[in-house]
There are 2 protein chains.
Amino acid sequence: MGAGRPRAFDVDEALDRALEVFWRQGYEGTALSDLTAAMGISRPSLYAAYGNKEALFRKVLDRYLDGPGGYLRQALLAPTARAVAEELLRGAIRATTAEGRPRGCLVVQSALATGEDAAPVRRHVRAHRRASQAALRERLERARAEGDLPPDADTAALARYLWTTVYGLSVQAAGGAAREDLERVAELALSTWPS
Amino acid sequence: MGAGRPRAFDVDEALDRALEVFWRQGYEGTALSDLTAAMGISRPSLYAAYGNKEALFRKVLDRYLDGPGGYLRQALLAPTARAVAEELLRGAIRATTAEGRPRGCLVVQSALATGEDAAPVRRHVRAHRRASQAALRERLERARAEGDLPPDADTAALARYLWTTVYGLSVQAAGGAAREDLERVAELALSTWPS
DNA sequence: GAAGTACTATACCGATCGGTACGAAACGAG
DNA sequence: CTCGTTTCGTACCGATCGGTATAGTACTTC
């Protein structure tokens, strides 16, 4: 039994091209013809390798989180709550205003409001946002337990506040805001941090 | 010369139905069939009354800003910079979490990332966001001139910070966050305000 | 080399997209 | 009642949507 004709493209590399398109145009704004053109493969190859448009998007989202959108994971490793907050905001700014990459955050702008057909995708990215918020809250709870935050700190509210700022920064970045301007915003946002 | 057959629907009322759909589904996620179904009119009636999909969206956006999205205009009238900031955030929360209305902000979620066809719409809402930011900055400059803000206050950064928070709150609201939770976020955001 | 297998490109599918032609219907003016 | 005008519903337009059938091609194994 032979092993078949080898794939003529790199699956992960093509995934990066698809990421770029979904990131820039959103889920509903991206047609299969946009994807195949950017990925340099034919439609049947796309379906064979990734399933369908929705499945491809989910794979793209996973790859985004392992790559340019991985600033949360990075930030959670910081030693103090304050450092976590700083890393999160600075990482978000870096990711949403990187040179040669689409502006903004895939998780925010790819499927924030959609028609009925894309509702599963909308719920998927929403679930991811919620999970990220919960992960940050848990990290802040640990920080509180370690005496790194005041005993009466509202970790849920702080996590929500930080993510609210990240989302806002992402919208600003999508609108073309300059990186230095966003860094000033992050400074202001952090100046409210409990010490 | 006669006056012709009278229109069988109310133009503004139908516009409100269209607003609801664009607000919930975004520009690209909304099909003409969604619009005509919600507005209770036929396709040619829509084109005769509003132009085309893009022109209808622009009319919808104007109506949004005169209605549920009019919290900026309201906030700018507040007597002090601090009151303007409070009004802006509380107004945004009210608008993005109103009962019986779509969650989130039309200006944020209707065309944040789009395909090429919807690029004019994306630029249009982006231009509106920028104008709103400029209007707030001018209001804060006046406040500074009136001694309402410290002489060295960075009004541009403060305006950007406030709008960043509004955008973030809008994303949170679109994701289903509870109003009370967002009010806690707004409190935190305002605690950094210069006095 | 033959057989079996997995990928490739072309060409196509029904459905839906945004937009419109057309004739009937409902009005005011004469 | 007729005419000019405007809106109405139906039925349609070409283009594009997401997704697939089919047949050929490139590879490994025997």
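The values are calculated or read from the model by the stated rules, or taken from the named source; none is laboratory data. Values in this document were obtained by computation on a predicted structure and should not be read as measured data. All Cβ positions, glycine included, derive from the backbone under ideal geometry; neighbour counts span all protein chains shown. The protein model used for the area step is the full one, side chains on, heavy atoms only, and it has no ligands, DNA or RNA in it. Shrake-Rupley method; radii C 1.70, N 1.55, O 1.52, S 1.80 Å.
Once you list every other residue whose beta carbon is under 14 Å from the beta carbon of B:Y47, what net charge do they have if Lys and Arg are +1 and Asp and Glu are -1? Net of charged neighbours comes to +3.
Think of each Lys and Arg Cβ as +1 and each Asp and Glu Cβ as -1; about the Cα centre, that makes the dipole of chain B roughly 440 debye.
Between A:P44, A:A18, A:V60, the Cα set farthest toward the positive side of the dipole of region A:11-64 (charges on each charged residue's Cβ, about the Cα centre) is that of A:P44. Sorted into 5 angstrom bins from 0, the C-alpha pair distances of region B:24-176 split as 2, 9, 16, 19, 18, 14, 10, 6, 4, 2, 1, 0 percent.
Sorted from greatest to least, the principal axis extents spanned by the alpha carbons of the protein assembly as shown come out as 83, 58, 33 Å. In this structure the amide hydrogen of B:G115, modeled in the peptide plane, comes within under 5 Å of the amide hydrogens of A:G29, none closer than 5 places in sequence on its chain.
Report the GluC sites (Glu not before Pro) located in region A:54-114 that are in a DSSP loop and have at most 16 other Cβ atoms inside 10 Å of their Cβ, or state none.
A:E99
By the Stokes-Einstein formula, at 1.567 mPa s and 4 °C, region B:11-64 with its Kirkwood radius over alpha-carbon pairs has D equal to 123 µm²/s. Projecting the Cα positions of A:L190, B:Y167, B:A83 onto the charge dipole of the protein assembly as shown (unit charges on Cβ atoms of Lys, Arg, Asp and Glu, taken about the Cα centre) puts B:Y167 furthest along the positive direction.
Averaged over its residues, chain A has an accessible area of 45 Å² per residue, based on protein heavy atoms and a 1.4 Å probe. Along its first, second and third principal axes, ordered by size, region B:152-193 spans 38, 17, 7 Å in Cα coordinates.
Can you give the charge dipole size of region B:1-77 about its Cα centre, rounded to the nearest 20 debye, using +1 on the beta carbon of Lys and Arg and -1 on the beta carbon of Asp and Glu?
Using only the charged Cβ atoms, the result is roughly 180 debye.
Whole-Hz Karplus values for region A:160-173 come out as 5, 5, 5, 5, 4, 5, 4, 4, x, 4, 5, 5, 4, 4 Hz, taken residue by residue from phi with 6.51 cos²θ - 1.76 cosθ + 1.60 and θ = phi - 60°; glycine and proline positions read x. Counting only DSSP H runs of at least 4 residues, each contributing -39500 (n - 2.57), and dividing by the residue count of chain A, the helix-based mean residue ellipticity at 222 nm comes to -21000 deg cm²/dmol.
What is the magnitude of the charge dipole of the protein assembly as shown about its Cα centre, with +1 placed on the Cβ of each Lys and Arg, -1 on the Cβ of each Asp and Glu, and no other charges, expressed in debye to the nearest 20?
Using Cβ point charges on Lys, Arg, Asp and Glu, the protein assembly as shown gives about 760 debye.
List the trypsin sites (Lys or Arg not before Pro) in region B:21-109 that DSSP assigns to loop (not H, G, I, E or B) and whose Cβ has at most 11 other Cβ atoms within 10 Å. Which are they?
none
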